[in-house]
Every structure is written in C-alpha cells, then in structure tokens.
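Values quoted throughout were computed directly from the atomic coordinates according to the rules given, and no laboratory measurement underlies them. This structure is a prediction, so every number in the text was calculated from the model and none was measured. With ideal geometry, Cβ positions are generated from the backbone for all residues, glycine too; neighbour counts draw on all protein chains shown.
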Amino acid sequence: MQEDKRSEPRAPLSGHIVVGIGPNIYKAQTLNISESGVLFEAVEGLEIGNELFLMLDLPVIKDFSKVKPEKLLSLEKEDFQRSVLRLKGRVLRQFQGKNPLGEGEVKQTAIKFSDISDDVKEHISKYVVRFKKNLELLLHDIEDLGKTNQHSKRLKKISYLLGYGEVHKISVLRQRVTHHYQGLQ
C-alpha cells in the first residue's frame, strides 16, 4: 500500500501515549513521531486497521544552539513545557523491531494520524525540526570531543535532554544519533 510508506521525517520521542479503542484504554511508551504518525511499544488488543483515539505527551524542546551555555548546562527535562495532543489514527502495522531509544528489540505499533488539525501538525513539526537541529549540534560535539571541555559537558547534557541517557561509549552514542538523524532526512 502506498499510503503506508513513510512520507515525513520522524524524530525519536521518549514519552507516553494513551490509546483508546472502544471502551478500552491503554498506555504505552512512544518511540518516534512525524507529522503523519507515531510509533510506540505495542499493547495487546490492537489489530491492523483499528481506528483509535490518542492522547500524546509532546515536549516543547528548545533549540539548544540558541541557549546560553550556562543555562543549557542547568536545564532539566522537567523544564520543558509540554503539550498534550489529542489525535485520531489507524493502526498501520505491528512488528518486532529494534528499540530506537535503547538496546534490544521491542514489539512496536505504527499509527497513521487521521483528521489532524493544523495546530497539532505545527506542534509536531516544530518538535521534529528542533530535534533535528539539536541532533546536528550533538553530532558536532561528538566530532569535536576532546577539543574543549565545554563541548564535553554540553555533549553530555544534550545527550541526556534528548533522551539518550548516560553516555558510556561515544561510539554507541554516535551510532544511535546518526541512525536517528538519518530518519530526519
């Protein structure tokens, strides 16, 4: 099916989604988002083609390149404003795949949005664009690692703020960030 192909850049999203189908409500961990849909850890009871109601917690992230270094280093994830988006969608596919937010594999559900408002689309678009800009900054800091102490501190902070957790191996971080950046192309 042509409509099932990805048509928009997608950004990692580590958050929660509430999924409603009929009288049933499920909570799941989000994995990524685009203007056309969302990917989350699968929940039991969903089937391909199901029409769903969704509530999605979307952080309003900053463009870290425009934040003063001392302010950036003091930022916490809790400092980000959040938007709760209410959407409708349809289950496109369910599959076992690599966890885009970490190690291992996880059963995943892909949803295509339907009846999305311009306002909600704009919130998602801003998130994806800012995430991409922040990944570019993070990749720059990875490449410059060792040149300045400021970049090392900034690298750790941006990595944490974007949901990559504690940086143990730069090679693993570089691989994950590069993979996510390719999804934004």
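Tell me, what ³J(HN,Hα) does each residue in the stretch 71-76 have, in order and in whole Hz, if you take phi through Karplus 6.51 cos²θ - 1.76 cosθ + 1.60 with θ = phi - 60° and put x for Gly and Pro?
So the Karplus estimates, Gly and Pro as x, are 5, 4, 5, 9, 5, 10 Hz.
For the stretch 113-144 and the stretch 4-44, write down the distance between their C-alpha centroids in whole Å.
The distance from the Cα centre of the stretch 113-144 to that of the stretch 4-44 comes to 16 Å.
Under a point-charge model restricted to the Cβ atoms of Lys and Arg (+1) and Asp and Glu (-1), what is the dipole moment magnitude of the chain relative to its Cα centre, in debye to the nearest 20?
For this selection, approximately 560 debye.
Treating the angle as unsigned and between 0 and 90°, give the value, to the nearest 10°, between the Cα long axis of helix 149-161 and the longest Cα principal axis of the chain.
10
Residue by residue through the stretch 46-61, what is 3J(HN,Hα) from phi via Karplus (6.51 cos²θ - 1.76 cosθ + 1.60, θ = phi - 60°)? Round to whole Hz and write x for glycine and proline.
Listing the rounded values in order: 9, 10, 4, x, 4, 8, 10, 9, 10, 10, 10, 8, 10, x, 9, 7 Hz.
Once you keep just the Cα pairs under 8 angstrom separated by 6 or more residues, what percentage relative contact order results for the chain?
22
By what distance, in whole Å, do the Cα atoms of the chain stretch along each of the three principal axes, largest value first?
54, 32, 28
Summing -39500 (n - 2.57) over the DSSP H runs of n ≥ 4 in the chain and dividing by its residue number, what mean residue ellipticity at 222 nm do you reach, to the nearest 500 deg cm²/dmol?
Computed mean residue ellipticity for the chain: -10500 deg cm²/dmol.
Among 125, 85, 109, whose Cα projects farthest towards the positive end of the dipole of the stretch 77-131, with charges put on the beta-carbon of Lys, Arg (+1) and Asp, Glu (-1)?
Result: 109.
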